[in-house]
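Here's the structure, in structure tokens; my notes come after.
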Amino acid sequence: MMRVQLTDERRTALIEAVQAFFAERFDEDLGELRAGLILDFFVERLGPPVYNQAIHDAHSFIQEKLVDLEGEFYEPDETR
């Protein structure tokens, strides 16, 4: 099972966006079924690499912050 899942609300909004894109760019009206199939294709093909890149970027960001945790968040303690 693919980890990239769309909520019903997001899927509906994206199908509408696909339909609007095709109408505007290609002067072609797509039905909900065709737009949904196009969306499914791109989510299946683009979802995993984009998801993996986001995980990699988040991991790198957190690692950078952990390396310099004291420098990032250190507060001088006057009682020392």
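The values are calculated or read from the model by the stated rules, or taken from the named source; none is laboratory data. Keep in mind it's a predicted model, so treat the numbers as computed, not measured. Methodologically, a virtual Cβ is constructed for each residue, glycine included, from the backbone with ideal geometry; neighbour enumeration extends over all protein chains shown.
Structural remarks
- Any helices (runs of 4 or more DSSP H) falling wholly within the chain and containing at least 2 residues that are surrounded by 10 or more Cβ atoms within 10 Å (Cβ to Cβ) and aliphatic (A, V, I, L, M): 8-26, 32-67
- Of all residues making up the range 21-77, the number that are under 23 Å from ASP8 (Cβ atoms), aliphatic (A, V, I, L, M) and under 15 Å from the mean Cα position of the chain (by Cα): 5
- Within the range 6-28, residues that are over 24 Å from PRO48 (Cβ atoms) and of a type in the set (A, V, I, L, M) sit with their Cβ atoms under 7 Å from residues that are surrounded by fewer than 14 Cβ atoms within 10 Å (Cβ to Cβ) and at pLDDT 95 or above, at 6+ positions apart or across chains, in these pairs: ALA23/ASP29.
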